[in-house]
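Where a number appears in this text, it was derived from the coordinates with a stated rule and is not lab data. Everything quoted here is computed from the prediction, not taken from an experiment. All Cβ positions, glycine included, derive from the backbone under ideal geometry; neighbour counts span all protein chains shown.
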Amino acid sequence: MAVDPVAVVEDLAYYTQMVNTITDYAVIHLDNEGVVRSWHAGAEHLTGYTAEEIIGQPAAVFYTVADAAAGRVEADLRTATAADSQVTEGWRLRKGGAPYWASVVLTAVLDQSGPAGFGMVVRDLTAGREQALMLRSLEQLVNSIADLEVIRFDCDGLVRSWNPGAQKLTGYVAEEVIGHHVSMFYNEDDASSGVLDREMTGAARDGSMEAEGWRIRKDGSRFWANIVLSPIRDDQGELAGYVKVARDLTERREQDQLVQRQRDEILELSTPVIQVWDKVLVLPLIGTLDSGRAARLTESLLERIAADQAEVVILDISGVPGIDSGVAQHLLETVEAARLMGTESILSGVRPDTAQSMVHLGIDLGGLRSRTSLRDALQLALRLIDARAGSRDEAGIRA
Amino acid sequence: MPDHSAIMHMGQDLLVILHGDLDDRTVESIEREVTSEVARTSARGALIDVSGVDVIDSFVAQVLARLVRMVRLLGAEAAIVGIRPAVAISLVELGASMPDVTTALSAEQGMARLRRMRADNSVRIDHGKHC
């Protein structure tokens, strides 16, 4: 290959100038023995040595003491010679001994007369390495969470990351979901009614958003999910996506519901409404009457009134240990509500001591009719109904 | 307003069916319409069906009690029908249980009550004459 010597000299000047402008890299020329032969601003910036200090020094000064002692310098030069070029990463030392994580490209240089040393390009990757390690540790952290779905999706709702917990929870593997819209985990009603949009807007506005609802697995089955949605913002504070953490609470929900059902059943058992005659209901009250039970009792009584079109209801209190003003208030409210629907009430089972204590407590039952026994109360109920029916018949005859 | 009420004639009685959302303006026109209809037809009773009213709160309860008083002033009896269980409970909780108003479970029962009230009244008047 014929090389014009003048051109080489000019090129050399040009390259030297170019290398001098590089500050992010150190571009160093070593001779065949690995001694530093050129230096520039980038190299000084990276290592801290000035040209006067370093030119003529062996490359071993850049290596850690252990590496240098183990013959790494010679080994690297040999590898570069054999393979023309060698790319490595490793710890190197600055002036003063501070280590940095370096990416090093070592290239054997040849001229017409044979080997002419090495070109060494060094880059400081310490910050990048820290960041990479941080990212990797976060990723490992997320991946080690097997019971939680921790995923990331962008502002458009497209899934960007997926963890083993998400796979365990939903049955999808990463390849099946990354790039797909998160609405695939919502049932049709929720997806179309904008539940997801509301969750995303809420999270972006409040900094975090917690919700519960049914979500869909790959096999089509559903699970009751508790989700926490947090927005991800970039350095400028712009919304860059969301992180979603989801838990499967199906079992807990089922247990809650079972407890609620059993509680309802117990209440149901404790507030029976009996139809004793056409249009006559009896509500035998047994045990203590707290406000929860009283509300439930009023509700079931009124529903039965509506269903049976009952005209009279008998509230039998013979099984209630004592009537205080609270219980009396509950009873009167039930009577009022029944009257609003058009049904008359009769109190029955009032014992002498109950009558005394009620009057002493100043409990006023208003116009509520009262009888001592259920039999008397039933007779009164039938008379009331007869009277009404009679007027109806009369009216019918007249009309 | 025709949107919020319909009045039907059943013999000597009127059946007033209220529905929808009752606000100040509609209430005024309902009162106007019901009173003028009772007067025009010399109705003996008015049964007000509220089963189609969206919300029955203490305001509507007051309106109903007022309507009943107006009808009575015009010489007719009035009763309210169609209060559902949940509505009855909430009215009692609100302390708006309309103590002077007659209520009924069904239109049939309501009509019977109107007639019975009329019968009671006429008996009382007859008694008054005799004694």
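Observations, loosely collected:
- Relative contact order %, region B:5-130, counting alpha carbon pairs below 8 Å whose residues are six or more apart: 24 percent
- Each of A:I346, A:I28, A:I22 has some number of other Cβ atoms within 10 Å of its Cβ, and from fewest to most they run A:I22, A:I346, A:I28.
- Sorted by Cβ neighbour density within 10 Å, fewest at the top, the residues A:S348, A:S85: A:S85, A:S348
- Take every pair of alpha-carbon atoms less than 8 Å apart whose residues are at least six positions apart; their mean separation over the length of chain A yields a relative contact order of 8 percent.
- Residues A:D206 and A:D24, FRET efficiency given R0 of 35 Å [Cβ-Cβ distance, rounded to 0.05]: 0.25
- Between region B:48-86 and region A:234-294, the alpha-carbon center distance in angstrom: 33 Å
- Taking other Cβ atoms within 10 Å as a rough exposure proxy, B:V71, A:V228 sort from fewest to most as A:V228, B:V71.
- Taking A:V259, A:V173, A:V121 in turn, the Gaussian network model of chain A (Cα-Cα springs below 10 Å) assigns the largest fluctuation to A:V121.
- Relative contact order of region A:145-253, defined on C-alpha pairs under 8 angstrom at six or more residues apart (%): 28 percent
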